[in-house]
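Asks: The structure's right below; bear with me while I get my questions together.
The values are calculated or read from the model by the stated rules, or taken from the named source; none is laboratory data. Not measured: the values here are computed from a predicted model. Here the Cβ positions follow ideal geometry from the backbone for every residue, glycine too, while neighbour counts run over all protein chains shown. SASA here: full protein model, heavy atoms, side chains in, ligands and nucleic acids out. Shrake-Rupley method; radii C 1.70, N 1.55, O 1.52, S 1.80 Å.
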Amino acid sequence: MPVVMLVVGTRPEAIKMAPVAQAIQACPELSLHLCASGQHDEMLFQALSLFDLTPDSNLAVMRPAQTLNGLMQAMIQALDQVISRVSPDLVMVHGDTATCFAASLAAFHRQVPVAHVEAGLRTGNIDSPWPEEAYRSMVARIARRHYAPTESARQNLLREQVAPDSILVTGNTVIDALTWMKNRLDRHGYRPAATSPLAALREDARLVLITGHRRENHGDGIRTICTAIAALAARYPDVDLVYPVHLNPAIKDVVEYALAGIPNVLLVPPQDYRDFVWLMGRASLILTDSGGIQEEAPSLGVPVLVMREHTERSDALNAGTVMLTGSDSNAIVTASARLLDDDKARRRMAAIPNPYGSGNAARRIIDDLTQWLMRAHEACEAGNA
């Protein structure tokens, strides 16, 4: 039975790959080895547990004040040992993280084929997002199977001369994860626990959800984002602004210094995916520099302002489900005010269909992967005959 080694390292990777891992577990032709790099440590394992997934191996590579080069070195060495021990038939990676690139390179050096989920996203600017744009572009040179979420992602790969028969348009697996979780919450009438910091939200207040953590926004970017949040809080006292703050001190220290004590700004620890989906569903507007939220929120009918200069989610931008503001405080406040003051404009944006699919991506990926592995096995048998 072919062994698929699925590697995740960050919370978003865990969420987006959870439906794929579940589909492999349900497939009688495949065996799963789930490997966690620990790039996000406790946030990663928290996300996996919500999907009833437990890693078969944990690299635990993170160290305080670790550089990207130090992280990459540690991950490649640890991944090499796991690949040697497990002898997978294929290594599957996701997106654009350090874990994704390290696992792809470690597999390549062991001559193990790589399958890349969420392949083909591009901004065309190697510095934005940094370092993710470079990582995902380099993985495209290594991968043997490319699972593109949209046709435009497929076209990006074709322009880079990736073989057409190695690409499959699948939709985005985050919609699978979102649908699975929202159905579970709706079935049980879920609300956060009374002990949760989210219990402080006002029942009659509109909600603006905020996330911000990208490396490109460290320093001045996160400071100007905080200036915008403070201005919005003062302008809209009837709105609760909820910010799950990333644990990285480069973010946490700046955000807490700038925003702690503002009555209608709720700074909370990173929330598990269950509570985060509940928050997205409650929100009137989302401000973010995240990639995945740009894909998820349209399925919930929530407009998104992207606090970055560029986005690799061009399908969302072209469809109109997201708008770019950059990290400029005036631009963020102006765009937010338009959607908070003009409900017709907000509802028009919220009604645009999600360009990232309807929740069948994992099944498409595993059907294709099973066939590809079987063909590879038959070719190997014929070569050995």
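Asks: What shape does region 49-196 take by its C-alpha gyration tensor, where a ≥ b ≥ c are the square roots of the eigenvalues and a/c under 1.5 counts as rounded, a/b above b/c as prolate, and the rest as oblate? Can you show the working numbers first?
Replies: Working: a/c = 1.63, a/b = 1.20, b/c = 1.36.
It is oblate, given that a/c is not under 1.5 and a/b is not larger than b/c.
Asks: May I pose another question? Among Gly291, Gly281, Ala233, whose Cα projects farthest towards the positive end of the dipole of region 231-302, with charges put on the beta-carbon of Lys, Arg (+1) and Asp, Glu (-1)?
Replies: Of the listed residues, the answer is Ala233.
Asks: Local charge sum around Leu305 (other residues, Cβ-Cβ under 12 Å, Lys/Arg +1, Asp/Glu -1)? Can you show the working numbers first?
Replies: Working: positive: Arg308, Arg338, Arg346; negative: Asp289, Asp328.
Once all neighbours under 12 Å are counted, the net charge is +1.
Asks: Here's a follow-up. Taking the chain as the reference, fit the longest principal axis to its C-alpha atoms, fit the long axis of helix 98-109 to the helix C-alpha atoms, and give the angle between the two in degrees, 0 to 90, nearest 10.
Replies: 10
Asks: Counting Lys +1, Arg +1, Asp -1, Glu -1, what net charge surrounds Val114 among other residues with beta carbon under 13 Å of its beta carbon? Please report the intermediate quantities before stating the final value.
Replies: Working: positive: Arg110, Arg136, Arg141, Arg144, Arg145; negative: Asp89.
With Lys, Arg at +1 and Asp, Glu at -1, the neighbours total +4.
Asks: Pull out the extension gain between Tyr190 and Asp253, defined as 0.36 nm times the separation in residues minus the alpha carbon to alpha carbon distance; nm, one decimal. Can you show the working numbers first?
Replies: Working: separation 63, 0.36 × 63 = 22.68 nm, distance 3.17 nm.
Extra length available between Tyr190 and Asp253 comes to 19.5 nm.
Asks: A further question on this structure: Sort the following peptides by mean Cβ neighbour count (other Cβ atoms within 10 Å, averaged over residues), highest first: 24-32, 289-297, 181-189. Kindly include the intermediate steps, with their values, before the conclusion.
Replies: Numbers: 24-32: 15.9, 289-297: 24.3, 181-189: 12.6.
Listed from highest to lowest mean packing, they are 289-297, 24-32, 181-189.
Asks: Okay, moving on. Taking the Cα centre of the chain as origin and charging only Cβ (+1 Lys, Arg; -1 Asp, Glu), how large is the dipole, in debye to the nearest 20? Provide the component values of the computation, followed by the final result.
Replies: Values: 35 positive and 42 negative charges, 69 e Å.
Rounded to the nearest 20 debye, it is 340 debye.
Asks: A further question follows. Charges at C-beta only: +1 for Lys and Arg, -1 for Asp and Glu. How large is the resulting dipole of region 2-59 about its Cα centre, in Debye rounded to 20?
Replies: Numbers: 2 positive and 6 negative charges, 24 e Å.
With only Lys, Arg, Asp and Glu charged at Cβ, the dipole is about 120 debye.
Asks: Counting only protein heavy atoms and a 1.4 Å probe, tell me what percentage of the chain's accessible area is made up of carbon and sulfur. Provide the component values of the computation, followed by the final result.
Replies: Working: 8050 of 16000 Å².
Roughly 50 percent of what the probe reaches on the chain is carbon or sulfur.
Asks: Quick check on the chain: helices-only [θ] at 222 nm, where DSSP H runs of length 4 and up contribute -39,500 (n - 2.57) each and the sum goes over total residues. Nearest 500, please. Don't skip to the end; give the middle numbers.
Replies: Numbers: 15 runs with 184 residues, N = 385.
Helix-only estimate at 222 nm: -15000 deg cm²/dmol.
Asks: Hey, what do the phi angles of region 247-254 turn into as Karplus ³J(HN,Hα) couplings, whole Hz, using 6.51/-1.76/1.60 and θ = phi - 60°, x for Gly and Pro?
Replies: Couplings: 6, 4, x, 4, 9, 4, 5, 5 Hz.
Asks: To the nearest 10 degrees, how steep is helix 11-25 against the longest Cα principal axis of the chain, on a 0 to 90 scale?
Replies: 40
Asks: Which of the aspartates and glutamates could a cross-linker bridge to Lys182, judged by Cα under 16 Å and excluding same-chain residues fewer than eight apart?
Replies: Asp52, Asp272, Asp275, Glu295, Glu296
Asks: Can I ask one more? Please report, in whole Å, how far the alpha carbons of the chain spread along each principal axis, starting with the longest.
Replies: Result for the chain: principal-axis Cα extents of 75, 43, 42 Å.
Asks: Mind checking which of His213, His109, His310 has the largest fluctuation in a GNM of the chain, springs on alpha carbons under 10 Å?
Replies: Taking springs between Cα atoms under 10 Å, the residue moving most is His109.
Asks: With an 8 Å cut-off on Cα pairs and a minimum separation of 6 or more residues, tell me the relative contact order of the chain in percent.
Replies: Numbers: 714 pairs, mean separation 58.0, N = 385.
This gives 15 percent for the chain.
Asks: Take the alpha carbon atoms of region 274-303, find their center, do the same for region 176-199, and report the distance between the two centers in whole angstrom.
Replies: 14
Asks: Which whole-number percent is the relative contact order of region 1-74 (Cα, under 8 Å, 6+ apart)? All intermediate terms of the calculation are to be shown ahead of the outcome.
Replies: Values: 104 pairs, mean separation 24.1, N = 74.
Computed value for region 1-74: 33 percent relative contact order.
Asks: Compute the orientation-averaged projected area for region 328-384 from the convex hull of its Cα atoms and round it to one decimal in nm².
Replies: Details: hull surface 29.3 nm².
Average of the hull's projected areas for region 328-384 equals 7.3 nm².
Asks: Quick one: which residues, 5+ away or cross-chain, put their amide H under 5 Å from the amide H of His33? H built at 1.01 Å from N.
Replies: Hits under the 5 Å cutoff: Val4, Met5, Leu6.
Asks: With springs only between Cα atoms under 10 Å, which of Met62, Met138, Met374 fluctuates most in a Gaussian network model of the chain?
Replies: Met374
Asks: Let me ask something else about it. Taking the chain as a Gaussian network, where each spring joins two C-alpha atoms under 10 Å apart, which residue of Asp253, Asp96, Asp52 fluctuates the most?
Replies: Top of the fluctuation ranking is Asp52.
Asks: Right, something else. Quickly work out the Ser358-to-Lys344 label distance, labels modelled 7 Å from Cα along the C-beta direction, and quote it in nm with one decimal.
Replies: 3.1
Asks: Rounded to whole Hz and in sequence order, give me ³J(HN,Hα) for region 127-140 from the Karplus expression 6.51 cos²θ - 1.76 cosθ + 1.60, θ = phi - 60°, writing x for Gly and Pro.
Replies: Values per residue, Gly and Pro as x: 9, 8, x, 10, x, 4, 4, 5, 4, 5, 5, 6, 5, 4 Hz.
Asks: Taking θ as phi - 60°, what are the ³J(HN,Hα) couplings along region 347-362 by the Karplus curve (6.51, -1.76, 1.60), each to the nearest whole Hz, with x for Gly and Pro?
Replies: Using θ = phi - 60°, the values come out as 5, 4, 5, 5, 7, 5, x, 6, x, 9, x, 10, x, 10, 5, 4 Hz.
Asks: Round to a whole angstrom and tell me the spacing of the C-alpha centers of region 65-108 and region 339-384.
Replies: 24
Asks: Just need the relative contact order of region 203-257 here, percent rounded to a whole number, with Cα pairs under 8 Å and 6+ apart. Don't jump to the answer; show the numbers that get you there.
Replies: Numbers: 48 pairs, mean separation 27.8, N = 55.
Taking the mean separation of contacting Cα pairs over the length of region 203-257, I get 50 percent.
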